[in-house]
Amino acid sequence: MSTHDVYMALLRPAVLDILRAAGFNGAKPSVVDTVVDLTARYLTLLASRTAYNAYSNHNDLEPDITDVRMAMQDCSLLVPSLTAAEEIWKEILRKPLEAYNDPGARAEEERRRDREDTADVTTFIDWATGKQNEEIMRIAGTLKRKPEPGATLNDQEERDKHEMEDYLTSLMKKHSKTGVDSRYQGTIIGKPAELRTIKIEGGTEDSIEEWCRKVRERAAKSAVAAPVAMDVDSVVESGEGSPLTPMES
């Protein structure tokens, strides 16, 4: 199985949970495969735009919140209420905050402008914390129910409260007898493997790094010695360095 197939297989149950939460009870395999492929393409586009914004804004590939927000806007995940030109003209035409003499009115206007500027982000947060996403989490089995005020939880509910986990974690624990960390460490579904020194058998070097360093040193010495050898050969061939011969009488 290729890496692409593994990632698609891991994404498929999450897409099915979203479809079930949206009200779909069944679909043809080809339809599900198409939706999964579209989801993968969209996530890839979102990640690539985030990396592009990070490299363009601060010349590295570690994104910050601004890079992510710009990528979400590029992918139409966040839809601004105004276009860029409309925002510029609105900023030019509206009354500056410094013109408000009343501190209370100035603070209220500033809060109102902040709400307008972050309206798209607020809408996304409302969806993430709202009923739709809560239904997706319930279908996926990761929704932790909040106890009602004054209500006591029984033993099973208390265990469910702490042991709710996604399908992949449950599946990994089911097929792991020695523990998830040790069995899947170093794979795409586990924690990264710890870097260890590799011992080279039959050589004097203790590590690959030392062997590479010696190879580079030998290559550098060879590169320096090569021009000197070429100069000596050229002198011998031209006869400039040959010993003197006695003159003929």
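The values are calculated or read from the model by the stated rules, or taken from the named source; none is laboratory data. Note that the structure is predicted; figures quoted are calculated from it, not measured. Positions of Cβ are backbone-derived with ideal geometry, glycine not excepted, and every protein chain shown enters the neighbour counts. Accessible surface is based on the protein model in full, side chains and every heavy atom, while ligands, DNA and RNA are left aside. Shrake-Rupley method; radii C 1.70, N 1.55, O 1.52, S 1.80 Å.
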From most to least accessible, 1.4 Å probe, no ligand or DNA/RNA atoms counted, PHE124, PHE24 line up as PHE24, PHE124
Per q in 0.12, 0.14, 0.17, 0.21 1/Å, what log10 I(q)/I(0) does a Debye calculation on the alpha-carbon atoms of segment 1-146 return?
-0.75, -0.93, -1.16, -1.34
Accessible surface of TYR100 in the full protein assembly, 1.4 angstrom probe, to the nearest 10 Å²?
50 Å²
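From the Cα trace of segment 6-54, what convex hull volume per residue do you get, rounded to a whole Å³?
77 Å³
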Please go through the residue pairs LYS28/LYS131; LYS191/LYS221; LYS95/LYS131 and name each one whose alpha carbons sit more than 32 Å apart in this structure.
LYS191/LYS221; LYS95/LYS131
According to a simple spin-label model (label point 7 Å from Cα along Cα-to-Cβ), what is the distance in nm between VAL79 and ARG12?
3.2 nm
Order the following by accessible area, largest value first: ASP102, ASP64. Probe radius 1.4 Å; ligands, DNA and RNA are ignored.
ASP102, ASP64
Solvent accessible area, Å² - VAL31, 1.4 Å probe, full protein context
70 Å²
Computed label-point distance, nm, for sites TRP89 and LEU46 using a 7 Å Cα→Cβ extension:
3.3 nm
